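Okay, so here's the structure we're looking at.
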Amino acid sequence: MSSNNLQKIFILFFTLCISLTVSAQTGNGISMEIRDESSLGRDRIISTIIEIKNNSQTHFKGKLYVTVPSGFRNISGNMAEIDIDSGSNIYLPVKILINNNAASGKSEISFTIKDIADKDVIKQTIIHDIPENNSLAISTDTPLIYMSNVADSIEVRARVSNLGNKTQHVTVVFKIPEADQGSFFVEKKGIVSVQKDSVFIYRFRPSGNLMKSPQFSVNIVGFREPDKEIFGNSIVSIQNNSSTQHYQSLDNNNLNYTKNSITTSYRFLGNQTYLYQLIGSGGFNLPSGYVFIRGNIYKTNGPEDPVVNNTFISYRREKSEFTVGNISKIIELSLYGRGAEYAYTSQDKNKRLEIGFIDQSFSLIDRTSFLKSGYGFYVRGTLGASNASRNISAAYVFRSDPYEKVKHNLLGTNFQYAFNKEWNLSAKLYSGVSIYESINTTKPSGGFGNPVFRDY
């Protein structure tokens, strides 16, 4: 036999040995068992133990990949190295956190073992069933409205919060008092996404007889569709400062508690979910100035962080006011979140300047990185701030939206002028520029509110 033939035989034998070795590593000698130690459908954390056995005759080295659906997060990491001797086994703990935005129903979690060549060796799945949570809450953005001019209309805002894991259709009913006709009802329908808020707005002008009342209330009730199930109610109090009668101060906040008070509550929301809440507000004088504090903290019995909103501290001294905490501002563009504001009011209260910066995070202690959810700042100046019938204001607003990758710039003015008790003129003019980073486009925009003459 020639030397060339011997070389060919040797190469063929060596190649056969390598192929047998790879086949043994990726064959059925690897087994996986998933032991679920959590109570499916109840725990917010899924705790599992993965037992991997090497029943083959060769050493095995590879990786374990864990794939979770949207709304789940693998605390232990989505990949783990595997190194097992022949005839041995290992145990890998895996913990998966279920976030508040996880959809209800059955969700599939897969566990896949791959070899060093990144080929699938074995794959198993478990099913986690999340029960439906349809918890809703309703509150008012402005629970106390001061009305100082009979020509002004009243704007009532109701905020519906979806605390569950299912998008819901709701109906908000406003009960408007009318002294001469009895109460009448107005319905506003809408959709509230998971872990989001929707604001329902209704504007009206009180009747002549109602304007004589020093104070009155608008009741708000929320219904869950399609069964018209009541999920909550709130109330807005209107303090009529233009009335000639005496009145009692109703100063409170949107959570219906009075000044200089602390309230704790414990509520059962259904589906073994409990809510703990601490709210309070109060103020005190300093040797120079006045401090006012308002707070709202609530938490469920789950592992998520507490939510701190409607919470701020304000310091007032002479003509200046500084506020730090939750700031909410609507100047054609809505800005809300954690931030700071400075306001200056002239001695005659006729001129006012507001400057603020807001990081758009819902909770003060949100773990989201600063500015990650977007941010904005604003400047607004007003002449005739204390006169609701004759005033003019100019504002500049900037807002950065990281989700749509756009930066908005808005500049405009509002104008109000009352000629007499019967006729009133209002107009607004705004222009804006939006810079879309994803499509590298700049789009200008503009809006003009036609002058409106109102005969009262």
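Using the structure shown, decide if Thr171 is among the polar types (S, T, N, Q), touching a strand residue (DSSP E or B) at 6+ places or on another chain (Cβ under 7 Å), over 29 Å from Val94 (Cβ atoms) and part of a strand (DSSP E or B). Taking the combined requirement at face value, the residue satisfies it. Taking first residues from segment 82-108 that are closer than 22 Å to Lys299 by Cβ and partners that are modelled with pLDDT under 80 and among the charged types (D, E, K, R), the Cβ contacts under 6 Å between residues at least 6 apart in sequence or on separate chains come to Ile98/Arg44; Ser104/Glu132.
A single member of Ser320, Ser328 is exposed (fewer than 14 other Cβ atoms within 10 Å of the Cβ) and either at pLDDT 85 or above or of a type in the set (S, T, N, Q) (or both), and it is Ser320.
For segment 422-445, the condition holds for no residue, the condition being that it is in contact with a Leu (Cβ under 6 Å, 6 or more places away or on another chain) and either at pLDDT below 80 or on the phi > 0 side of the Ramachandran plot (or both). Checked against the criterion of being farther than 28 Å from Val192 by Cβ, assigned to a strand (DSSP E or B) and in contact with a Gly (Cβ under 8 Å, 6 or more places away or on another chain), segment 130-150 contains not a single residue that satisfies it.
Residues in segment 321-342 that are in contact with a Leu (Cβ under 7 Å, 6 or more places away or on another chain), in a strand (DSSP E or B) and closer than 20 Å to Asn414 by Cβ: 2 in all.
Taken over segment 59-80, the criterion of being modelled with pLDDT of 85 or more, surrounded by fewer than 18 Cβ atoms within 10 Å (Cβ to Cβ) and more than 17 Å from Thr125 (Cα to Cα) is satisfied by His59, Lys61. Quick one: how many residues across segment 191-206 are in a strand (DSSP E or B), of a type in the set (S, T, N, Q) and open to solvent by 50 Å² or more (accessible area, probe 1.4 Å)? Residues flagged as in a strand (DSSP E or B), of a type in the set (S, T, N, Q) and open to solvent by 50 Å² or more (accessible area, probe 1.4 Å) within segment 191-206 amount to 0. Of the conditions (1) in contact with a Ser or Thr (Cβ under 7 Å, 6 or more places away or on another chain); (2) farther than 29 Å from Lys188 by Cβ; (3) loosely packed, with under 14 Cβ neighbours inside 10 Å; (4) at pLDDT below 80, Asn260 fails just one. Which one is it? Here Asn260 meets the rest and fails (1). Tell me, yes or no, whether segment 98-108 has at least one residue that is in contact with a Pro (Cβ under 7 Å, 6 or more places away or on another chain), crowded, with 16+ Cβ neighbours inside 10 Å and farther than 26 Å from Glu229 by Cβ. Scanning segment 98-108 turns up at least one residue that is in contact with a Pro (Cβ under 7 Å, 6 or more places away or on another chain), crowded, with 16+ Cβ neighbours inside 10 Å and farther than 26 Å from Glu229 by Cβ. For segment 353-456, the strands (runs of 3 or more DSSP E) that sit wholly inside it and include 2 or more residues that are open to solvent by 60 Å² or more (accessible area, probe 1.4 Å) and small (Gly, Ala, Ser) are 441-455. Contact map, segment 375-389: first residue among the β-branched types (Val, Ile, Thr), second residue in a strand (DSSP E or B) and open to solvent by 30 Å² or more (accessible area, probe 1.4 Å), Cβ cut-off under 8 Å, separation 6 or more or different chains; pairs are Val379/Leu353; Val379/Ile355; Val379/Tyr396; Thr382/Lys351; Thr382/Arg352; Thr382/Leu353; Thr382/Asn391; Thr382/Ile392. Only residues that are farther than 22 Å from Tyr430 by Cβ and touching a residue at least 24 places away in the same chain (Cβ under 8 Å) were counted across segment 349-364, and they come to 6.
Out of the residues in segment 207-236 meeting the condition of being in a strand (DSSP E or B), open to solvent by 20 Å² or more (accessible area, probe 1.4 Å) and not β-branched (Val, Ile, Thr), tell me which one is farthest from Gln168 (Cα to Cα). Among those residues, the one meeting the criterion is Gln215. Checked against (1) touching a Phe, Trp or Tyr at 6+ places or on another chain (Cβ under 7 Å); (2) surrounded by 19 or more Cβ atoms within 10 Å (Cβ to Cβ), Gly164 meets all criteria but (1).
Listed by first and then second residue, the pairs with beta-carbon distance under 6 Å, at least 6 apart or on different chains, first residue in segment 285-297 and touching a residue at least 24 places away in the same chain (Cβ under 8 Å), second surrounded by 10 or more Cβ atoms within 10 Å (Cβ to Cβ) and of a type in the set (Ser, Thr, Tyr), are Gly289/Tyr315; Val291/Tyr315; Phe292/Ser314; Arg294/Ser281; Asn296/Thr311.
The values are calculated or read from the model by the stated rules, or taken from the named source; none is laboratory data. Keep in mind it's a predicted model, so treat the numbers as computed, not measured. Because the Cβ atoms are built from the backbone with ideal geometry, glycine has one as well, and the counts that use them run over all protein chains shown. Keep in mind that these areas ignore ligands, DNA and RNA; they rest on the heavy atoms of the full protein, side chains included. Shrake-Rupley method; radii C 1.70, N 1.55, O 1.52, S 1.80 Å.
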